[in-house]
Amino acid sequence: MPGINMWAVFRAQLHASIYWYKNNKWLAVTMFFWPYLMILVLVGLGSIMGSFELYTERMNLSSPGFYLISASAIAMTSVGIIDGVAGFALYNRWLGTLNYIILSPIRESKLFIAAGLPDSLLSALVTIVAVMPAAIYVEGLLGSLKLLIILAFMLAGMIPLIGLSVLAASALLVVKEESNIINSIVPFILLVSGVFYPVTVLPRILQVVSLAVPTRYVVDAAKMVSTFSTPSGAALMLLLGMLALLGIIYNTIAGVAIMRAEKAVKMRGVD
């Protein structure tokens, strides 16, 4: 079937997502409220630590309001990326269409990325639009500019997260307990990223693991812009460099893993 490439799959999935939201308008509307629900969760966790003031001190924030806004956006976007890429394989497995997708004339790695990107990008953009009024209310025009910096880091963080999601999709192709994979990946990533509380309070082994989690560097950027009126450009570039390095590592590993998973599934079929 000639003409099928990543761009064709991306456009098809984008149209499907847009029409899905057009036919489920209430779901589309609620997406603008989800970040605020996440903010309530963060405030609740801060209260559990003793008081919101103590939470602010331990997180080393001078603008806790802006951090809560940006952290909720980061958390929602991270979930959206993993669900968009790895969830594509899962949902088609449930629908019974995964067999046909695997036999399509396009590499599975390219297919999962192209099919997962539309929902991932829509999730990031909708989340930023949703929290923009709150950012402007908290810090004025400066808050909107800071939020754009966070958006840039969120988009940069998508690159290694897509690699992780493709790895998860590879596992979905070869194991039967597929739902447990996604259900466990998302909370773990948020846990070791320092979204809810400082990474320093985690066990030493998890602190080490967090160095390999892309979302941590996006969270660090959010903390930086929440603490300083003018964050250090060199420090931000270092965080971007770490995201680029993780992107190379994860996407290289994911490319090998998905090819082996595809070969194995084509030999035995999808259960």
Counted residues in the stretch 1-43 being of a type in the set (Phe, Trp, Tyr), more than 29 Å from ILE101 (Cα to Cα) and surrounded by 12 or more Cβ atoms within 10 Å (Cβ to Cβ) come to 3
A careful count of residues in the stretch 140-155 that are farther than 15 Å from ARG216 by Cα and buried (at least 16 other Cβ atoms within 10 Å of the Cβ) gives 5
Among VAL186, VAL166, the single one that is at negative phi, touching a residue at least 40 places away in the same chain (Cβ under 8 Å), surrounded by fewer than 22 Cβ atoms within 10 Å (Cβ to Cβ) and touching a helix residue (DSSP H, G or I) at 6+ places or on another chain (Cβ under 6 Å) is VAL186
Scan the stretch 14-23 and tell me whether some residue there is at pLDDT below 80 and of a type outside the set (Gly, Ala, Ser). no
Flagged pairs (Cβ under 9 angstrom, 6 or more apart or on separate chains; first in the stretch 32-45, under 21 Å from ALA124 (Cβ atoms); second modelled with pLDDT under 80) are VAL41/PHE196; LEU42/TYR55; LEU42/PHE196
Scanning the stretch 66-100 for residues that are without any contact (Cβ under 8 Å) to a residue 12 or more places away in the chain and part of a helix (DSSP H, G or I), the one farthest from the chain's Cα centre (by Cα) turns out to be TYR100
Practice prompt. For the stretch 143-152, indicate whether the set of residues that are more than 26 Å from GLN207 (Cα to Cα), aliphatic (A, V, I, L, M) and outside any helix (DSSP H, G or I) is non-empty.
Written response: no
In the stretch 90-143, anything among the small types (Gly, Ala, Ser), closer than 30 Å to ILE39 by Cα and touching an Asp or Glu at 6+ places or on another chain (Cβ under 9 Å) is listed as GLY116, SER120, SER123
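The values are calculated or read from the model by the stated rules, or taken from the named source; none is laboratory data. Computed from a prediction, not measured in an experiment: that's the story for all the values here. Cβ coordinates were reconstructed from backbone atoms using ideal geometry, including for glycine residues, and neighbour counts include every protein chain displayed.
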